[in-house]
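Below is one structure; the comments refer to it alone.
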Amino acid sequence: MEKLLLTAVIFFTYFFIITYKLENINIYGSTIICFIFCFYYLFKMLKTRMLTIKLTKEEVKLVIILLIYMLFTFILSLVLGIENKSIFKVLSTNLFILTFILILFHLESYKDYLLKISKLFSYGLILLGIFNVLLYIAKIYSVYFSFQSPYVTIMGENEMIDYFREIRFQSMFSQKTKFAFYCIIGIFLLSINKTINSKLRYLGIIVLFVNIILTNSITSMLVTGLLLWSIIDFKKINRFLRYIFYFLSVFILVPYVIKVVNYMSTVRDVNTLGSRGIIWSYAFEFYKDHPFGVIDNWYLYQLGNSFRGAHNVFFNEILDYGIIGGLLFLITYILYFYSLYKLDKRTLWLVFPTTILFMIDNMLQHEIVPVFLFTYILIKIMVYTDGNLKMTK
């Protein structure tokens, strides 16, 4: 049963994002599955009166700071978040964190199942990437699944121009940069997964990179280029294919990026990072008026006349939970990647694109929260099945 629930958690987190939204309340398919997983796990623990914990030293520290973060945000939500319903954001986030911790506790018991998960997940990434390219060709730029009518909402060219003033591809995600970040994670996971054919793995990386180009997110394309150069072992690639890759990078990608930058300059202020300077100045003024946080600044408060959110994950945490919550999140973020680095030094190359994107956009919100958290689990699975690591030390 646990294996089935674990598979369902991954499926509804990464491959089928279905949503229920009511004002500032967001419930996802992954939310429901995580609730069932936690209920089942805790019921089993009470029944057997046993709790299996097998973690590395770094993971112990990560779990402790996550528990402190959960407790602090929950207490703050009881004080500030009941009347305006922002407590639901905290409950949702804490549910994902609890699921992450419980899976991490018991991950070694899934040894025989890990190989299947790593293969199926990688195949799923590749198929989803190909499907997304077909959607773009069909001029379908966003597909939104919901628990309520209409159950499927599609955004085409006219809808994109009316709403965003540009064509952007975001697949099932609520924002293009979130989808691009998902693809970046997918590229990294494919690069370290040695359980599938190398040619198929490189095909998946190329397809996901094409998906990122289609999003029309300049920063995402640039950080993905950095990621690709860091993860690809050029010595193991056929010399002919290697020179083709160099050619594509120099003579196709660079002119394309320049073309996109010129186009983007006509629809937004590129020199100010898309008005980030203005947004951050409003966010700072907003924080001075709410030093203890507001739990859910995206829905309940507006920065300036136009912008929601600080367009910076670390600043958003301060706006939501005050300086204490912001520091707790920063420590969590550092321990998250430090623990991954101790598992496999290749994960260092995921830190840079993640941090850059987190610093310029409202990345860690809604459907991307479980994607980010459970990526740790997937990386550990990929590394373990690669034969380079025991699950615990």
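Every read-out reported here was derived from the displayed coordinates using simple, explicitly stated rules and does not represent laboratory data. Computed from a predicted model, the values in this text were never measured in an experiment. Cβ sites come from the backbone with ideal geometry, for glycine too, and all protein chains shown count toward neighbours.
Observations, loosely collected:
- Ranked by the mean number of other Cβ atoms within 10 Å per residue, highest first, peptides 25-32, 181-188 order as 181-188, 25-32.
- Total charge dipole magnitude, the chain, about the Cα centre, Cβ charges on Lys, Arg, Asp, Glu only, Debye to nearest 20: 1580
- Relative contact order of the chain, defined on C-alpha pairs under 8 angstrom at six or more residues apart (%): 22
- Multiplying the residue separation of PHE314 and ILE75 by 0.36 nm and subtracting their alpha-carbon distance yields 84.0 nm.
- Modelled FRET efficiency - R0 30 Å, GLN302 with THR355, Cβ distances, 0.05 increments: 0.70
- For the chain, with +1 on Lys and Arg beta carbons and -1 on Asp and Glu, the positive-most of LEU67, ALA8, VAL369 along the dipole: ALA8
- Of the residues VAL133, VAL79, VAL294, the one that moves most in a GNM of the chain with alpha-carbon contacts below 10 Å is VAL79.
- Computed from the C-beta positions of GLU2 and GLU285 and an R0 of 45 Å, the FRET efficiency is 0.40 to the nearest 0.05.
- Evaluated at q = 0.14, 0.17, 0.18, 0.22 Å⁻¹, a Debye calculation over the C-alpha positions of the stretch 29-155 (equal weights, vacuum) places log10 I(q)/I(0) at -0.94, -1.13, -1.16, -1.27.
- Ordering of 94-101, 46-53 by burial proxy (mean other Cβ atoms within 10 Å per residue, highest first): 94-101, 46-53
- Cβ-derived FRET efficiency at R0 25 Å, PHE43 paired with PHE131, nearest 0.05: 0.10
- For the chain, DSSP calls about 75 percent of its internal beta bridges antiparallel.
- For the chain, built as a Gaussian network whose Cα springs stay under 10 Å, the top-fluctuating residue of LEU208, LEU134, LEU350: LEU134
- Extending 7 Å from Cα along the Cβ direction at VAL152 and again at ASN84 yields two label points whose distance is 3.7 nm.
- Under a Gaussian network description of the chain, with springs only between Cα atoms under 10 Å, the residue in ASN24, ASN216, ASN158 that fluctuates furthest is ASN158.
- Normalised Debye scattering of the chain at q = 0.07, 0.08, 0.09, 0.15 Å⁻¹ gives log10 I(q)/I(0) of -0.32, -0.42, -0.54, -1.62, counting only Cα atoms as equal scatterers and leaving out solvent.
- Label zone (LEU327, point 7 Å along Cα-to-C-beta; backbone nitrogen cut-off 20 Å) within the stretch 37-63: 61-63.
- In this structure, the pairs whose alpha-carbon distance is over 22 Å, taken from LYS139/LYS176; LYS139/LYS178; LYS116/LYS345; LYS89/LYS139; LYS57/LYS194; LYS178/LYS342, are LYS116/LYS345; LYS89/LYS139; LYS57/LYS194; LYS178/LYS342.
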